Amino acid sequence: GAGVSQSPSNKVTEKGKDVELRCDPISGHTALYWYRQSLGQGLEFLIYFQGNSAPDKSGLPSDRFSAERTGGSVSTLTIQRTQQEDSAVYLCASSSPGTSITGELFFGEGSRLTVL
Amino acid sequence: RKEVEQDPGPFNVPEGATVAFNCTYSNSASQSFFWYRQDCRKEPKLLMSVYSSGNEDGRFTAQLNRASQYISLLIRDSKLSDSATYLCVVNQAGTALIFGKGTTLSVSS
């Protein structure tokens with residue numbers, strides 16, 4: 001499809017396990033963002049990749065969280081030693097250059113993570 | 001202090017009503033401002049940009065007050081289909097967009 005694709009759509013895991021969430025951005029989009037949204041809460045910024053620049057990791061809540069973007073395209077968000085408070089919907093978005101002006105991020109449908 | 005603050009609501013209004021949402025932001029270096037809409041259990045989507053001079057898109061009017069670091073969204077003649085959560089978004093060039101927690105609107109017949 002032409003949109004942002006995320007997998008898995010749902011993930012249930014046990015506390016202490018590692019999880020990997022994948023994001024396939026829209027082809028040609030240079031920027032990629034990860035946010036998370038807990039029940040009834042707004043979007044919490046996690047990490048931002050822009051082209052070949054160093055990623056902005058300022059939103060990552062702890063060193064258990066990491067993300068990489070390979071070849072300027074697909075991104076993987078890894079959560080190590082998951083905790084119950086990590087339960088949330090993890091949303092990936094991509095955008096073309098000039099997003100500061102247009103403000104248009106294209107979001108995937110999210111990966112719903114439940115940590116038991 | 002949160003970077004972007006919104007009244008969470010919910011705002012419950014009848015069809016045809018006019019409703020206004022407010023948002024304040026803390027970073028005076030913010031340069032771009034937007035409103036997003038998020039339907040229940042769906043991903044957010046851009047509703048409109050917010051310009052310094054104020055701007056309209058049909059029934060929707062957005063305004064920005066840089067001195068007060070305040071953004072507003074006015075919806076006239078509310079429709080049932082306007083029921084959603086409205087997210088205030090601010091941005092500095094070269095950084096990620098920062099979202100408020102959103103204001104929930106419920107329009108009833």
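Every number in this text was worked out from the coordinates using simple rules, so none of it is lab data. Note that the coordinates shown come from a computational prediction; the quantities given were computed from them, not determined experimentally. Cβ atoms come from the backbone with ideal geometry, glycine included; neighbour counts cover every protein chain shown.
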Checklist outcome for this item: From DSSP H assignment alone, runs of 4+ in the protein assembly as shown each adding -39500 (n - 2.57), the sum over residues rounded to the nearest 500 puts [θ] at 222 nm at -500 deg cm²/dmol
Checklist outcome for this item: If amide H atoms are modeled at 1.01 Å from N in the peptide plane, then the residues at a separation of 5 or more from A:SER5, or on another chain, having amide H under 5 Å from its own are A:ASP24
Checklist entry - Which cross-chain or sequence-distant (5 or more) residues have an amide H under 5 Å from the amide H of A:SER73, H modelled 1.01 Å from N in plane? => result none
Checklist entry - Can you sort B:LYS45, A:LYS11, B:LYS2 so the residue with the fewest Cβ neighbours within 10 Å comes first? => result B:LYS2, B:LYS45, A:LYS11
Checklist outcome for this item: Neighbour-count ranking for A:VAL12, B:VAL19 (other C-beta within 10 angstrom, fewest to most) reads A:VAL12, B:VAL19
Next on the checklist: Check which residues have an amide H placed less than 5 Å from A:LYS17's amide H, if you skip close sequence neighbours.
Outcome noted: A:THR82
Item to check | Lys/Arg +1, Asp/Glu -1 at C-beta; chain A dipole; positive extreme among A:PHE107, A:THR30, A:SER62 | outcome: A:SER62
Checklist entry - Residue farthest toward the positive end of the dipole of segment B:5-107, with Cβ of Lys/Arg at +1 and Asp/Glu at -1: which of B:ASN91, B:THR103, B:PHE11? => result B:ASN91
Next on the checklist: Show me, bin by bin at 10 Å from 0, the whole-percent P(r) of chain A based on Cα pairs.
Outcome noted: 15, 50, 29, 6, 0
Checklist entry - Among the Cys residues of the protein assembly as shown, which have no other cysteine Cβ under 4.7 angstrom away? => result B:CYS40
Next on the checklist: What are the ³J(HN,Hα) couplings of segment A:60-66, residue after residue, when phi is run through the Karplus curve with 6.51, -1.76, 1.60 and θ = phi - 60°? Round to Hz, x for glycine and proline.
Outcome noted: 5, x, 7, 6, 6, 9, 8
Item to check | Residue among B:GLY54, B:GLY16, B:GLY94 with the largest mean-square fluctuation in a Gaussian network model of chain B, springs linking Cα atoms under 10 Å | outcome: B:GLY94
Checklist entry - Which whole-Hz couplings ³J(HN,Hα) result when phi for each residue of segment B:75-88 is put into the Karplus expression 6.51 cos²θ - 1.76 cosθ + 1.60, θ = phi - 60°, listed in order with x for Gly and Pro? => result 10, 9, 6, 3, 10, 4, 6, 7, 4, 4, 9, 10, 9, 8
Next on the checklist: Please rank A:ILE47, A:ILE26, B:ILE71, fewest neighbouring Cβ atoms within 10 Å first, as an exposure proxy.
Outcome noted: A:ILE26, A:ILE47, B:ILE71
Item to check | For the protein assembly as shown, size of Cβ-based charge dipole, Lys and Arg +1, Asp and Glu -1, in debye | outcome: 200
Checklist entry - Taking the Cα centre of chain A as origin and charging only Cβ (+1 Lys, Arg; -1 Asp, Glu), how large is the dipole, in debye to the nearest 20? => result 160
Item to check | Paramagnetic label zone (point 7 Å from Cα along Cα-to-C-beta, A:SER7; backbone N under 17 Å) in segment A:26-58 | outcome: A:26-27
